[in-house]
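The values are calculated or read from the model by the stated rules, or taken from the named source; none is laboratory data. Note that the coordinates shown come from a computational prediction; the quantities given were computed from them, not determined experimentally. Virtual Cβ from ideal backbone geometry, glycine too; neighbours counted across all protein chains shown.
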Amino acid sequence: PLPDAAADARVRSDDRSHVFHSWSAQAAIDPLPVAAGRGSTFWDYDGNAYLDFSSQLVNLNLGHQHPDLVAAIQQQAGRLSTIQPAMANDVRGELARLISEVAPDGFEKVFFTNGGAEANEYAVRMARQSTGRRKVLSMYRSYHGSTSTAISLTGDPRRWANDTADAGAVRFFGPYLYRSPFHAETPEQEAERALAHLEQTIQLEGPQTIAAIIIETVVGTNGVLVPPPGYLPGVRALCDRYGIVYIADEVMVGFGRLGEWFGIDAFGAQPDLLTFAKGVNSGYVPLGGVVISDRIARAFDTMPFAGGLTYSGHPLACAAGVATFEVFRRDGILERVRDLGERVVEPTLRSWVERHPSVGEVRGRGLFWAVELVRDAETREPLVPFNAAGADAAPMVAFATAARRAGVWPFTHFNRVHVAPPLVIEEEELRRGLGVIDEALAVADEVAAG
Ligand code: PLP
């Protein structure tokens with residue numbers, strides 16, 4: 001798109017005057033007006049192109065304006081734009097079947113929501129209703145969404161102002177070897193000690209009071225924390241021992257981010273409920289849901305489920321979901337995620353640990369990686385403090401600004417840069433974007449060295 005100063009001014013003005021934004025002091029923000037998007041790139045009204053290394057909010061798995069998704073939505077809009085959830089609908093049923101076919105064995109049913117928070121909200125409701133218990137355990141360093149139960153389960157600062165929303169939420173420490181809360185030195189120790197800590201938490205809280213444990217299969221926004229081998233199977237075993245429902249939150253990692261349909265496939269564990277959103281249709285039309293194991297589904301064969309949404313299984317959203325399956329299969333999306341992750345991203349990021357004094361650790365899988373920035377590789381002191389704002393956050397802001405000036409839109413959170421481009425990114429784009437991040441890290445290196 002050509003630069004258009006008048007449109008830029010108009011979009012800015014309407015936005016600043018009338019749009020109330022998420023998570024922000026309204027007077028403190030300056031949202032970028034976006035003119036267009038295609039594939040892995042979007043443009044502002046000054047004509048600047050940005051390679052999107054965060055897939056918007058890690059949802060744009062098939063990139064902007066994918067022709068198959070656009071056509072599916074257009075065709076569905078021409079056929080039947082909406083229908084209420086108590087009626088049966090062809091694309092809704094087809095998408096539910098396609099999802100159950102790639103879900104773990106014994107998951108046949110899907111409850112559709114409008115997004116990720118609602119998916120977790122309803123998964124918890126199913127767990128509570130089917131067990132008759134109330135408490136839910138979740139991790140520190142987690143994000144589960146912003147509705148009242150989902151934000152109560154969230155283990156990051158976004159919960160702080162919402163702490164009283166759901167009294168049944170209890171938090172525990174998950175594995176995080178680089179900053180081990182268990183003083184572990186190997187992945188095996190970390191898994192074993194994290195499981196012992198979880199079991200102790202269960203015992204101290206009273207197993208018979210706990211409905212569910214909810215875990216992001218790979219913790220997303222809070223650090224791309226890949227669970228050590230044995231951890232998730234160990235969680236499964238604890239849930240079996242104490243009659244607790246295991247909810248896998250796959251809102252960020254489901255639908256290909258890790259090179260699998262669902263992330264859980266890589267870790268040898270089976271949850272009871274699995275939540276998804278984002279990648280199911282790249283966010284073209286809001287959609288999320290809960291995939292339900294037969295054991296839980298059976299409880300609701302005779303007991304009515306106490307929940308519903310006007311737009312559950314919206315046909316426009318489901319049509320984009322069905323098209324997503326077709327594109328993934330035809331274009332070998334899972335295979336290319338694994339290939340690009342292993343052949344391009346992993347070796348490039350590992351080389352940064354050697355070359356950049358500010359890079360403490362890199363970790364990830366598929367097209368989902370974190371680069372943890374530190375002031376000192378020995379002490380592991382983070383480049384900016386936990387939850388840094390204002391002047392404290394300056395080095396991360398400087399890094400992100402340098403990357404944007406060079407045409408890459410990065411995902412940063414606290415002292416980390418995440419690499420999470422669309423799964424359709426071309427290899428040349430991926431290498432170019434990684435080159436930009438590499439150069440922008442000079443800003444962080446100066447802080448680390450000084
Ligand atoms: N769960 C996880 C792991 C997420 O990353 C997110 C969003 O980033 C959510 C839940 C909430 O999803 P939504 O914003 O669609 O409500």
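In segment 80-102, what count of residues is obtained for those that are surrounded by 12 or more Cβ atoms within 10 Å (Cβ to Cβ), over 28 Å from the mean Cα position of the chain (by Cα) and free of Cβ contacts under 8 Å to residues at least 24 places away in the same chain?
1
May I ask you to list the residues in segment 140-198 that are closer than 18 Å to residue 252 by Cα and aromatic (Phe, Trp, Tyr)?
Matches in segment 140-198: 140, 143.
Looking only at strands (runs of 3 or more DSSP E) that lie completely in segment 118-230, which have at least 1 residues being of a type in the set (S, T, N, Q) and surrounded by 22 or more Cβ atoms within 10 Å (Cβ to Cβ)?
Values: elements: 135-139, 169-172, 210-216.
In segment 118-230, 135-139 are the strands (runs of 3 or more DSSP E) which contain 1 or more residues that are of a type in the set (S, T, N, Q) and surrounded by 22 or more Cβ atoms within 10 Å (Cβ to Cβ).
Starting from residues that are among the aliphatic types (A, V, I, L, M), part of a helix (DSSP H, G or I) and over 22 Å from residue 262 (Cβ atoms), keep the ones in segment 73-102 and report whichever is nearest to the ligand (Cβ to nearest atom).
Residues of segment 73-102 that are among the aliphatic types (A, V, I, L, M), as a first pass: 73, 77, 80, 83, 86-88, 91, 95-96, 98-99, 102.
In the following step, the residues that additionally are part of a helix (DSSP H, G or I) were identified as 73, 77, 91, 95-96, 98-99, 102.
Okay, now just the ones that are also over 22 Å from residue 262 (Cβ atoms), so 73, 77.
Numbers: 73: 18, 77: 22 Å.
Ranking the candidates gives 73 first.
For segment 342-365, name all the residues that are buried (at least 18 other Cβ atoms within 10 Å of the Cβ) and either farther than 20 Å from residue 439 by Cα or free of Cβ contacts under 8 Å to residues at least 60 places away in the same chain (or both).
Scanning segment 342-365 gives 362, 364, 365.
Under 6 Å by Cβ, and 6 or more places apart or on different chains, what pairs join a residue from segment 226-237 that is in the same structural domain as residue 176 (by TED's automatic domain parsing) with one that is β-branched (Val, Ile, Thr) and in a loop (DSSP other than H, G, I, E, B)?
That search, which allows pairs on different chains as well, returns 226/218.
Of the residues 436, 397, 417, 384, only one is part of a helix (DSSP H, G or I) and farther than 19 Å from residue 43 by Cβ; which? Outline the logic, then answer.
Values: 436 fails: farther than 19 Å from residue 43 by Cβ; 417 fails: part of a helix (DSSP H, G or I); 384 fails: part of a helix (DSSP H, G or I).
Answer to the selection: 397.
Working carefully through the options 114, 120, find the one that is in contact (Cβ under 8 Å) with a residue 60 or more places away in the chain, assigned by TED's automatic domain parsing to the domain that holds residue 320, within 16 Å of the ligand (Cβ to nearest atom) and touching a Phe, Trp or Tyr at 6+ places or on another chain (Cβ under 9 Å).
Details: 120 fails: touching a Phe, Trp or Tyr at 6+ places or on another chain (Cβ under 9 Å).
That would be 114, the only listed residue that is in contact (Cβ under 8 Å) with a residue 60 or more places away in the chain, assigned by TED's automatic domain parsing to the domain that holds residue 320, within 16 Å of the ligand (Cβ to nearest atom) and touching a Phe, Trp or Tyr at 6+ places or on another chain (Cβ under 9 Å).
Give me the pairs: first residue in segment 295-317 and without any contact (Cβ under 8 Å) to a residue 24 or more places away in the chain and surrounded by 17 or more Cβ atoms within 10 Å (Cβ to Cβ), second residue of a type outside the set (Asp, Glu) and in a loop (DSSP other than H, G, I, E, B), beta-carbon distance under 9 Å, and six or more apart or on different chains, which are they?
Here the result reads none, with nothing in segment 295-317 linked to a residue that is of a type outside the set (Asp, Glu) and in a loop (DSSP other than H, G, I, E, B).
Before we move on, is residue 186 β-branched (Val, Ile, Thr) and away from the ligand (no atom under 16 Å from the Cβ)?
Numbers: β-branched (Val, Ile, Thr): yes; away from the ligand (no atom under 16 Å from the Cβ): yes.
In short, yes.
Using the structure shown, decide if residue 179 is in contact with a Phe, Trp or Tyr (Cβ under 6 Å, 6 or more places away or on another chain) and basic (Lys, Arg).
On the way: in contact with a Phe, Trp or Tyr (Cβ under 6 Å, 6 or more places away or on another chain): no; basic (Lys, Arg): yes.
For residue 179, the condition - in contact with a Phe, Trp or Tyr (Cβ under 6 Å, 6 or more places away or on another chain) and basic (Lys, Arg) - is not met.
Any chance you could count how many residues in segment 366-381 are assigned to a loop (DSSP other than H, G, I, E, B) and more than 15 Å from residue 417 (Cα to Cα)? First the steps, then the outcome.
Step one: filter segment 366-381 for residues assigned to a loop (DSSP other than H, G, I, E, B), giving 366-367, 377-380.
Now drop any that are not more than 15 Å from residue 417 (Cα to Cα), which leaves 366, 377-380.
Total meeting the criteria: 5.
Checking the condition touching a Leu at 6+ places or on another chain (Cβ under 9 Å), within 16 Å of the ligand (Cβ to nearest atom) and either β-branched (Val, Ile, Thr) or farther than 17 Å from residue 102 by Cβ (or both), which residue from 219, 251 passes?
Values: 251 fails: touching a Leu at 6+ places or on another chain (Cβ under 9 Å).
219 is the lone residue from the list that is touching a Leu at 6+ places or on another chain (Cβ under 9 Å), within 16 Å of the ligand (Cβ to nearest atom) and either β-branched (Val, Ile, Thr) or farther than 17 Å from residue 102 by Cβ (or both).
Could you say whether any residue in segment 265-281 is farther than 21 Å from residue 105 by Cβ and more than 12 Å from the chain's Cα centre (by Cα)? Give the derivation first.
Filtering segment 265-281 down to residues farther than 21 Å from residue 105 by Cβ leaves 277-279, 281.
Checking the rest, the ones that are also more than 12 Å from the chain's Cα centre (by Cα) come to 281.
Checked against the condition, which is being farther than 21 Å from residue 105 by Cβ and more than 12 Å from the chain's Cα centre (by Cα), segment 265-281 yields at least one hit.
Output the number of residues of segment 78-132 satisfying the condition of being charged (D, E, K, R) and under 11 Å from residue 275 (Cα atoms). Spell out how you get there, then give the answer.
Taking segment 78-132 as the starting set, the residues that turn out to be charged (D, E, K, R) are 79, 90, 92, 94, 97, 101, 105, 108-109, 118, 121, 125, 128.
Still in the running and under 11 Å from residue 275 (Cα atoms): 118, 121.
Number of matching residues: 2.
All but one of (1) within 25 Å of the chain's Cα centre (by Cα); (2) surrounded by fewer than 19 Cβ atoms within 10 Å (Cβ to Cβ) hold for residue 40, so report the exception by its number.
Condition (2) is where residue 40 drops out.
Quick test of your reading of the structure: residue 229 fulfils all but one of (1) within 12 Å of the ligand (Cβ to nearest atom); (2) in contact with a Gly (Cβ under 9 Å, 6 or more places away or on another chain). Name the failing condition by number.
(1)
Filter segment 420-433 down to the residues that are of a type outside the set (Lys, Arg) and part of a helix (DSSP H, G or I), then identify the one that is surrounded by the fewest Cβ atoms within 10 Å (Cβ to Cβ). Lay out the reasoning, then the answer.
Within segment 420-433, the first condition is being of a type outside the set (Lys, Arg), and the residues that meet it are 420-430, 433.
Checking the rest, the ones that are also part of a helix (DSSP H, G or I) come to 427-430, 433.
On the way: 427: 12, 428: 8, 429: 19, 430: 22, 433: 24.
The selected residue is 428.
Just one of the numbered conditions (1) of a type in the set (D, E, K, R); (2) without any contact (Cβ under 8 Å) to a residue 24 or more places away in the chain; (3) within 16 Å of the ligand (Cβ to nearest atom) is not true of residue 16; which one?
(3)
Residues that are closer than 30 Å to residue 384 by Cα and more than 16 Å from the ligand (Cβ to nearest atom): find the helices (runs of 4 or more DSSP H) completely inside segment 260-365 holding 3 or more of those. Give the steps one after another, and end with the answer.
Values: elements: 294-302, 315-330, 333-340, 346-355.
Qualifying helices (runs of 4 or more DSSP H): 346-355.
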